[in-house]
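The values are calculated or read from the model by the stated rules, or taken from the named source; none is laboratory data. If you're wondering where the values come from, they're calculated on a predicted model, not measured in any experiment. Every residue, glycine among them, receives a Cβ derived from its backbone with ideal geometry; neighbour counts consider all protein chains shown.
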Amino acid sequence: MQHYDVAIVGGGIAGLSLAHFLAPSRTVVVLERETAHGYHSTGRSAAEFTLRDNAPEVNALARISHAFMENPPEGFVSVPLLTARGSLWIGTVGKEEAIARARQAAEAAGVAVVPLTVEEALLRVPFLDRDYVAAAYFDPNYWDIDVDALLQGYARSARRAGAELVTGAELLGARQEDGRWKVESSTGAFTADIVVNASGGWADTVAQRCGVAPAGIVPHRRTAITVDLPADINVAALPEINEIDEIYYFKPDAGRLLASPADETPCEPADVQSEELDVAYAVHYLEEATDLKIGRIASSWAGMRSFSADRLPVIGPAKDNPAFFWLAGQGGYGILTSPALGQLAANMITEQPLPEVFAREGIEPAAFSPGRFG
Ligand SMILES: Cc1cc2nc3c(=O)[nH]c(=O)nc-3n(C[C@H](O)[C@H](O)[C@H](O)COP(=O)(O)OP(=O)(O)OC[C@H]3O[C@@H](n4cnc5c(N)ncnc54)[C@H](O)[C@@H]3O)c2cc1C
């Protein structure tokens with residue numbers, strides 16, 4: 001029977017980033033149930049790179065990841081992974097204070113944000129409703145991620161280093177025999193020393209299939225729609241538009257405008273679809289904050305953002321089985337943190353010291369330990 005050092009369950013950004021970092025030193029197989037990598041959360045994201053909108057630990061992981069994305073390894077990709085976009089933060093009447101506080105916090109963190117009058121905000125996004133916007137500022141530190149190039153880069157590099165990436169292969173169950181995992185998958189059985197759980201919204205299900213206690217990771221549905229803008233608007237040149245309390249956001253997406261009502265509805269792990277009400281909210285926010293009249297929705301979708309109880313990722317050996325490794329709970333930041341989390345997980349599995357930058361950024365792997373939950 002074929003044996004691997006490590007079997008990774010899940011061929012999204014988490015599983016493939018780990019395969020990239022692990023394959024040079026370990027024999028690796030990645031099982032992906034769907035026929036294509038990235039079919040679930042990874043292929044449904046808003047592709048945003050932010051250095052500031054998450055918990056301090058996550059922002060530190062983002063800073064480490066930013067260096068990788070700006071300067072990926074030789075031969076990893078042939079296109080830039082990040083494109084500067086910038087973000088216009090807006091607030092309506094009554095939210096002027098919130099805008100001022102957020103701007104001051106960014107400046108205190110050493111970020112050169114640009115305070116804007118309403119007129120200046122309208123110059124950047126001409127279709128904003130003049131009566132809606134009461135305060136605004138521009139933050140240049142936002143980028144679009146080329147998610148497909150990143151995912152394919154991880155996959156190519158892992159394959160080159162000898163990893164086997166198997167699609168249409170569902171982990172059905174695994175149990176330990178003579179100190180090894182015997183893994184049953186829909187494409188056959190094999191053995192492995194370590195099973196890694198990188199199965200996104202299914203993380204607790206996969207743990208249970210391996211006889212490991214769940215970590216309490218709950219998928220939350222998030223919706224996005226895209227609409228066409230009038231032909232005289234240069235969509236590609238627009239910034240992101242973020243509501244100051246993150247009630248909604250809009251951003252350019254492949255020639256259209258993406259709008260999300262920033263919904264966060266707990267759900268069962270599934271091929272989630274957009275719900276009518278959430279789509280209606282997205283349209284409502286677009287029409288409320290802008291002069292646009294939305295006649296037709298070009299596309300709509302939903303995906304899962306999976307959170308642990310404290311909304312930090314869950315990385316490390318299971319407390320009830322050291323041969324079962326969690327790489328889950330990446331919430332709404334799994335793409336942008338994938339270089340740092342892939343490296344962190346790989347070095348923990350191979351028991352190698354982390355690159356110095358992790359200590360400089362104050363990353364303590366214990367903060368992400370599956371054992372932190374009671
Ligand atoms: C609308 C939306 C917007 C987002 N925006 C951003 C953003 O701007 N920036 C950002 O960084 N993040 C964003 N995210 C979050 C990001 O998409 C996720 O954090 C990330 O994709 C999680 O990656 P993953 O590999 O863990 O999960 P997935 O991509 O879901 O991969 C898990 C894989 O495991 C497979 N699997 C499950 N069970 C099994 C099994 N038993 N056997 C084999 N395979 C199995 C699944 O088929 C799936 O392909 C967004 C998410 C959504 C939904």
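What tally of residues in segment 40-75 results from selecting those that are among the β-branched types (Val, Ile, Thr) and modelled with pLDDT under 95?
1
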The one condition Glu288 fails out of (1) in contact with a Phe, Trp or Tyr (Cβ under 7 Å, 6 or more places away or on another chain); (2) of a type in the set (D, E, K, R); (3) part of a loop (DSSP other than H, G, I, E, B) is (3)
Inspect all residues belonging to segment 220-229 and state whether any of them is closer than 17 Å to Thr290 by Cα, away from the ligand (no atom under 16 Å from the Cβ) and surrounded by fewer than 20 Cβ atoms within 10 Å (Cβ to Cβ).
yes
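Have a look at Glu243, Glu288 and point out the one that is under 21 Å from Lys95 (Cα atoms) and in contact with a helix residue (DSSP H, G or I) (Cβ under 8 Å, 6 or more places away or on another chain).
Glu243
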Within segment 75-82, can one find any residue that is within 16 Å of the ligand (Cβ to nearest atom), touching a residue at least 24 places away in the same chain (Cβ under 8 Å) and not assigned by TED's automatic domain parsing to the domain that holds Ala161?
yes
Restricted to segment 83-102, and to residues that are under 12 Å from Tyr137 (Cβ atoms) and within 25 Å of the chain's Cα centre (by Cα), which residue is surrounded by the most Cβ atoms within 10 Å (Cβ to Cβ)?
Trp89
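Please work out if Glu356 is away from the ligand (no atom under 11 Å from the Cβ), within 14 Å of Arg63 (Cα to Cα), assigned by TED's automatic domain parsing to the domain that holds Asp320 and surrounded by fewer than 24 Cβ atoms within 10 Å (Cβ to Cβ).
yes
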Among Leu172, Leu165, which is the only one that is within 9 Å of the ligand (Cβ to nearest atom), within 26 Å of the chain's Cα centre (by Cα), assigned by TED's automatic domain parsing to the domain that holds Met348 and farther than 25 Å from Leu312 by Cα?
Leu172
Can you tell me which residue is farthest from the ligand (Cβ to nearest atom) among those in segment 188-204 that are touching a residue at least 60 places away in the same chain (Cβ under 8 Å) and more than 27 Å from Cys267 (Cα to Cα)?
Asp193
Exactly one of these conditions fails for Ser87: (1) under 15 Å from Ser338 (Cβ atoms); (2) polar (S, T, N, Q); (3) in contact with a strand residue (DSSP E or B) (Cβ under 7 Å, 6 or more places away or on another chain). Give me its number.
(1)
Residues (free of Cβ contacts under 8 Å to residues at least 60 places away in the same chain and buried (at least 20 other Cβ atoms within 10 Å of the Cβ)) located in segment 114-134
Leu116, Ala121
Being touching a Gly at 6+ places or on another chain (Cβ under 9 Å) and modelled with pLDDT of 95 or more is true for just one of Val212, Val206, Val195. Which residue is that?
Val206
Filter segment 281-312 down to residues that are in contact (Cβ under 8 Å) with a residue 60 or more places away in the chain and buried (at least 19 other Cβ atoms within 10 Å of the Cβ), then give me how many there are.
12
Looking at (1) more than 6 Å from the ligand (Cβ to nearest atom); (2) in contact with a Leu (Cβ under 9 Å, 6 or more places away or on another chain); (3) among the aliphatic types (A, V, I, L, M); (4) assigned to a loop (DSSP other than H, G, I, E, B), which one does Ala46 not meet, given that it meets all the others?
(1)
When residues of segment 313-330 are limited to those that are buried (at least 24 other Cβ atoms within 10 Å of the Cβ) and small (Gly, Ala, Ser), the one farthest from Glu57 (Cα to Cα):
Ala328
Elements of type strands (runs of 3 or more DSSP E) contained in segment 140-212, each with 2 or more residues being under 19 Å from Gly342 (Cα atoms)
164-167, 188-197
